[in-house]
Amino acid sequence: MGASSLYKLKTKTACFEIHPSAGGQWLGLVLASPVDGKPISVVAGHKAPDPFFASGSFLMFPWVNRLEPNPWAREPFYPSTHWLTDGNGISLHGLYHNLPRFIEKEILSDTESYAEFSIEIPESWKGSLLSKIQIRECYVLHENELIIQYKLKNNSNDEFPFALGIHPYFRWNDDNRIDDLFLFGSGFYKIKLGDYLLPERVNTDSLYFITEETLNGKNLDDLYKKAGESTSFIGLMSMNRKETLIIQGGEYYQIYTPQDRKSIAIEPMTGTGNFLHFTGGNPNVLMPNEEKKIEFLIRLHCF
């Protein structure tokens, strides 16, 4: 099947909308409220003329955030339309964010719907190690939650180190600002970032997000590492609606508050930025012919 300009995955109340031919950008996610069953918009979907990275969500792979030095910084990957650098010339957000997706499988029902996409590899990558890494981008939509799965397979004879993450912007319906929300989680250490926003060290002196913290007036652009071995999560809480939105699945989370205060980026990731060079960056490795599944979850709860 070919890529399309718009794709909607639905259950009875929930709806997830993406743009397959534009890098799988998220255009919206509506989940059913566990309080009254009404639809709640929880993702600030990408809307033109916003810059690509200012809203919605995109895949960060084979590295997350910044990487310096970058082993992919050579032909045929650099320079290319798939390559980004920040204002300091540091490689940013991986190579897959704007590659077209193609629907491969779809299962629909009122309670659980599933969609699986393949990712088109550019001709200029053919024959390289990266072209031999097969990725399936999968979504499982329930009334109250969305599960995001990445199925990876190494079809080469070489080891393949990687870090993978997603970069969604969250909100609570169109008219609410994040200053009305609270942030909480499973307990995290903060990672100190240097002048170029590359990680420098893990600060284990303090635990963050073990209790609710107001987002009112708080500006964040910070990286956190989960504390302990249990499954980690970051949550947003609406006191007015008695609901929480849980983001789960990462070992690390980057949190960023845009200046307009209309959304908050909460980025679950398997590793840190500069994962190949930062001690504790947690590189994942796909061995030859190995398969792995990376999974994230977004869920509405009530309290």
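The values are calculated or read from the model by the stated rules, or taken from the named source; none is laboratory data. Bear in mind the structure is a predicted one, so any value in this text is a computation, not a measurement. Virtual Cβ from ideal backbone geometry, glycine too; neighbours counted across all protein chains shown. Accessible surface is based on the protein model in full, side chains and every heavy atom, while ligands, DNA and RNA are left aside. Shrake-Rupley method; radii C 1.70, N 1.55, O 1.52, S 1.80 Å.
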Q | Every residue from segment 239-277 that is acidic (Asp, Glu) and open to solvent by 20 Å² or more (accessible area, probe 1.4 Å) | A | GLU251, ASP260
Q: May I ask you to list pairs of residues, at least six apart or on different chains, whose Cβ atoms are under 6 Å apart, with the first in segment 99-112 being assigned to a strand (DSSP E or B) and the second being among the aromatic types (Phe, Trp, Tyr)?
A: ARG101/PHE117; ILE103/PHE117; ILE107/TYR114
Q.
Being farther than 24 Å from PHE53 by Cα and touching a helix residue (DSSP H, G or I) at 6+ places or on another chain (Cβ under 9 Å) is the filter here; which residues of segment 86-134 pass it?
A. SER131
Q | Failed criterion for PRO71 (all others in (1) within 22 Å of GLU295 (Cα to Cα); (2) of a type outside the set (A, V, I, L, M, F, W, C); (3) open to solvent by 40 Å² or more (accessible area, probe 1.4 Å) hold) | A | (1)
Q. Of the residues in segment 195-212, how many are farther than 13 Å from GLY228 by Cβ, assigned to a strand (DSSP E or B) and open to solvent by 80 Å² or more (accessible area, probe 1.4 Å)?
A. 3
Q: Give me the pairs, please: first residue somewhere in segment 66-90 and free of Cβ contacts under 8 Å to residues at least 60 places away in the same chain and part of a loop (DSSP other than H, G, I, E, B), second residue anywhere and surrounded by fewer than 16 Cβ atoms within 10 Å (Cβ to Cβ) and among the basic types (Lys, Arg), beta-carbon distance under 9 Å, and either six or more positions apart or on two chains.
A: PRO76/LYS126
Q. Restricting attention to segment 177-194, which residues are open to solvent by 50 Å² or more (accessible area, probe 1.4 Å) and more than 18 Å from LEU67 (Cβ to Cβ)?
A. ARG177, ASP180, PHE182, TYR189, LYS190
Q: Say whether the condition of being surrounded by fewer than 16 Cβ atoms within 10 Å (Cβ to Cβ) and acidic (Asp, Glu) is met by at least one residue in segment 143-161.
A: yes
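When you look at LYS225, is it in a strand (DSSP E or B), open to solvent by 20 Å² or more (accessible area, probe 1.4 Å) and on the phi < 0 side of the Ramachandran plot, yes or no? Explain how you work it out, then say what you get.
Details: in a strand (DSSP E or B): yes; open to solvent by 20 Å² or more (accessible area, probe 1.4 Å): yes; on the phi < 0 side of the Ramachandran plot: yes.
Judged against the criteria, LYS225 is a match.
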